[in-house]
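Note sheet for the following structure.
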Amino acid sequence: MNLFTEKEYHQQSQHFAFRLRNLYLHNRSTFFQLQDYLPSPTYINYRDSHEYEFFSKSFFSYGKEIETLYELGKSYLPEISNIGLMKKAINKAEVLHKNNDYESVCSYMQIISMNREMTPYFTNKILIDRKLTLNTSLFLNEYEHLENIFKEIIPWGKENLERWNKFQTLTKREKEILKLFAKGKSNKEVSEILILSVHSVHTHKKNIYQKLDISKASELVKISLALEII
């Protein structure tokens, strides 16, 4: 019996990418120690050149094409990709870069040749900083394998999955404000930091509470800690 639906797998994998990005930022040595045990292949590339800063070793097990992709970079993608899906993926990535939203995960489907077979998979992309992005891959034929791993690395289950989904409905500005409130900032302090009127901050706060379905500051902090936002 599956623990998650297909949709929930994607949502879990998005939050995993989010948490993995935070691990890279705050504990890089542990991030690299985990590279051989990650539940899905992961790579980090430069936002401007698309050259790789990090490439999970597990990715190489998917075929010679991946080794060539690592060596040649983005220029090799058209030779092994479904062109239509590749263009859609590029467009989505460009929007993510343009918005500079560090709290959102961009997901898109790709089909590329692996061991001479066209293989579908989903990529989750999240910005690390102004230079780098982190990407994780979710292969459709590995749900059963991923289920056991997700139960170990994401033990909080469906309750936090619902929290994550609600968090993703917030706008970029609302996420910025949420993080400041979760750190104990007052309405006035938030308005000064973000150069907003106190009235605007109050309106944003009201919208945040409605979207997260909470009524107290303590609940906001609880959600932020559970999702590793702060």
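Just so it is clear, none of the values below were taken in a lab; they were calculated from the coordinates. Owing to the predicted nature of the structure, the values given are computational and were not obtained by experimental measurement. No Cβ is skipped: glycine too gets one built from the backbone with ideal geometry, and neighbour counts run over all protein chains shown.
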* **Dipole-positive endmost among S197, F32, T119 within the chain (Cβ charges, Cα centre)** => S197
* To do: For segment 159-174, take each phi angle, set θ = phi - 60°, evaluate the Karplus expression 6.51 cos²θ - 1.76 cosθ + 1.60, and give the result in whole Hz per residue in order, putting x for glycine and proline.
  => 4, 6, 4, 5, 4, 4, 5, 5, 4, 6, 7, 6, 6, 4, 5, 5
* Two-site label geometry, S218 and Q33: point separation in nm, points 7 Å out along Cα→Cβ -> 3.5 nm
* To do: Relative to the longest principal axis of the C-alpha atoms of the chain, give the angle of the C-alpha long axis of helix 217-226, reported between 0 and 90° and rounded to the nearest 10°.
  => 20 degrees
* For percent of Cα pairs over 33 Å apart, the choices are (1) 26; (2) 42; (3) 21; which was calculated from the structure? -> (3)
* Structure fact -> Toy charge model, Lys and Arg Cβ at +1, Asp and Glu Cβ at -1: the chain dipole around Cα centroid in debye, rounded to 20, equals 980 debye
* Structure fact -> Dipole check, the chain, charges on Cβ (K,R +1; D,E -1), about Cα centroid: among S186, I230, N22 the Cα furthest to the positive pole belongs to S186
* Structure fact -> Rounded to whole Å, √(5λ) for the Cα gyration tensor eigenvalues of segment 158-226, largest first, gives 21, 12, 10
* Extreme residue, positive dipole direction of the chain, given options Y62, S137, A93 (C-beta unit charges) -> A93
* Amide proton proximity set for T42, modelled H, under 5 Å, gap of 5+ -> S56, F59
